[in-house]
Each structure stands twice: as structure tokens, then as C-alpha cells.
């Protein structure tokens, strides 16, 4: 009985909310500027939450044949993570990266200093089981006269909780390129006023790329870690198409000797 009443109240509330927004949409042309600004702010807040729900639902329902399971992790792994961009559909799947920074969903951004602005990024749907993740990220680079092109990923809070200098941090990627491109992965860890930045070159051959960072050699003060992010740096990427089919970051403590 209580469950039926709760469902009925939820349905009534949803209908009232929908009716309110229908009325607001119809009266928007007649609103004053201050009313429009307040309404726009409220709508943007709601849209952000709707996008999160849609992305989570897409990640679980869209491609059961591919699934969203992580690859087999090394023994002892205590944290692993696939960014949302590779798990579910983005509300805005593509953009021309004409500015020096282009946001790609939550916590992911493309940076470059090319004045031509001939870089296009788009979330794509993976179609093969060996692609592992439901979605990928395609980067099309045409004329390029800049000095750098990089993809930055903010690591979640869980990545730095309990992180110690005895940890190994690992980034696994599946990458399709129409020609070999030199690429590097750089792990950035802010600890107090300092920044640890170990770098690992990614292999040019094959689609499976692996970068591993031993924090014992990073000069890390693990008592003052604040946040971390990962940069994927692409060199000489002009006139190329790069599709990052999957990206997974994990960590594990080094075995005690």
C-alpha cells in the first residue's frame, strides 16, 4: 500500500514538473531579462543532472555485447577507473577544437596551441568486442602548426586516496591510428607546492599501449598529495586520425622486498 502511494505521488510530482516547464517554455519570449537569467541558470543545472543520468544509463544499457567491464588488472590492484567519456554517450559528442582548450565531458579536455584550429574531436561508438569500451574518442588533425597537442584527464578523488610513493600507476590504452604517431603519457601529482611529473613513452607499434609510473622515483611527498591528472601528449600528429578506443587507469602497491 505504502509503495503504491509513493509511486502515485512521484508520478503526480513528475507531471507537475513537466507541466511547469511546458508553461515556462511557452512564456519565455515575454519574460524580463532578470527572469530569463534565473530560468536559464535553473535549466542548466537540471540539464547537467539529466546528462549524468543519461550517460550512466547508456553505459549500462547501450552495448551489452561490448560491455563496460575493465580489462584484467595486475595482481594487487587496489583502484581502477575508466573515464566517463569511454563509458557512456556525451550530451555534446563532438567539437572543432579551435580554442586552446576544448572540454570533452566531465574532467576531460583537449589542449593545443595551433593557430589554424584544424583539429576535430568526436566521441564515436565502438563496434568490435576487442575495443572493450562502449565508446571511443576520435581526434582528427589536419593542418597543424602548433608545438603541442595533448589530452588531459582529471583523475577522481579515489585515485589519490591512500596513494603512496610505493605505488605503481598504470595507464592502458587501445589506440587506432592511420599512421604511426609518437605519444607520451605524463602523470601529474600535486603534493603541497610541488608537482611530480613522471613521463612514459607509449609504444608506436600495435594498438595496445601501456604506460607505467613507479612513484618511488617521482620525488613524491605522499603525505601532502592534493590531486592528480594524466596528460596524453601527441607529437607530429598533423594530417592524422587517432581513435582512442579505450583508456583505463589503475594503481597497485609495489611488492615488498
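The values are calculated or read from the model by the stated rules, or taken from the named source; none is laboratory data. Note that the coordinates shown come from a computational prediction; the quantities given were computed from them, not determined experimentally. No Cβ is skipped: glycine too gets one built from the backbone with ideal geometry, and neighbour counts run over all protein chains shown.
Going by the conditions given, is residue 17 within 30 Å of residue 84 (Cβ to Cβ), modelled with pLDDT of 75 or more and not assigned by TED's automatic domain parsing to the domain that holds residue 135? Steps first, please.
Details: within 30 Å of residue 84 (Cβ to Cβ): yes; modelled with pLDDT of 75 or more: yes; not assigned by TED's automatic domain parsing to the domain that holds residue 135: yes.
Yes, satisfied.
From the list 228, 171, 183, 201, exactly one residue is within 24 Å of residue 70 (Cα to Cα), touching a helix residue (DSSP H, G or I) at 6+ places or on another chain (Cβ under 6 Å) and not in a loop (DSSP other than H, G, I, E, B). Which is it? Full working, then the answer.
Working: 171 fails: touching a helix residue (DSSP H, G or I) at 6+ places or on another chain (Cβ under 6 Å); 183 fails: touching a helix residue (DSSP H, G or I) at 6+ places or on another chain (Cβ under 6 Å); 201 fails: touching a helix residue (DSSP H, G or I) at 6+ places or on another chain (Cβ under 6 Å).
After applying the criteria, what remains is 228.
Does the range 150-158 contain at least one residue that is part of a loop (DSSP other than H, G, I, E, B) and at pLDDT 95 or above? Before you say what the answer is, go through the steps one by one.
Applying the first criterion (part of a loop (DSSP other than H, G, I, E, B)) to the range 150-158 yields 155-156.
Still in the list and also at pLDDT 95 or above: 155-156.
Within the range 150-158 (the criterion being part of a loop (DSSP other than H, G, I, E, B) and at pLDDT 95 or above), the answer is yes, since at least one residue qualifies.
Could you tell me whether the range 86-108 includes any residue that is under 16 Å from residue 236 (Cα atoms), in a strand (DSSP E or B) and either touching a residue at least 12 places away in the same chain (Cβ under 8 Å) or in contact with a strand residue (DSSP E or B) (Cβ under 8 Å, 6 or more places away or on another chain) (or both)? Step through it out loud before you land on a result.
First, pick out the residues of the range 86-108 that are under 16 Å from residue 236 (Cα atoms): none.
Looking through the range 86-108, none of the residues is under 16 Å from residue 236 (Cα atoms), in a strand (DSSP E or B) and either touching a residue at least 12 places away in the same chain (Cβ under 8 Å) or in contact with a strand residue (DSSP E or B) (Cβ under 8 Å, 6 or more places away or on another chain) (or both).
For residues that are touching a residue at least 40 places away in the same chain (Cβ under 8 Å) and in a helix (DSSP H, G or I), scanning just the range 204-217, find the one that is farthest from the chain's Cα centre (by Cα). Can you show your working first?
The first filter runs over the range 204-217 and keeps only residues touching a residue at least 40 places away in the same chain (Cβ under 8 Å), leaving 210-216.
Within this subset, residues satisfying the condition of being in a helix (DSSP H, G or I) are 215-216.
Values: 215: 23, 216: 27 Å.
Here the answer is 216.
Give the residues of the range 186-198 that are closer than 16 Å to residue 254 by Cβ and either free of Cβ contacts under 8 Å to residues at least 24 places away in the same chain or not in a strand (DSSP E or B) (or both), sorted by residue number.
198
Just need a number here: residues in the range 24-37 that are surrounded by 10 or more Cβ atoms within 10 Å (Cβ to Cβ) and in a helix (DSSP H, G or I). Don't jump to the end; show me each part of the working.
Taking the range 24-37 first, the residues surrounded by 10 or more Cβ atoms within 10 Å (Cβ to Cβ) are 24-25, 27-28, 31, 35-37.
Those left that are additionally in a helix (DSSP H, G or I): 24-25, 27-28, 35-37.
Matching residues across the range 24-37 total 7.
Do you know which residues across the range 198-212 are closer than 11 Å to residue 183 by Cβ and surrounded by 14 or more Cβ atoms within 10 Å (Cβ to Cβ)?
The answer is 200, 202, 209, 211.
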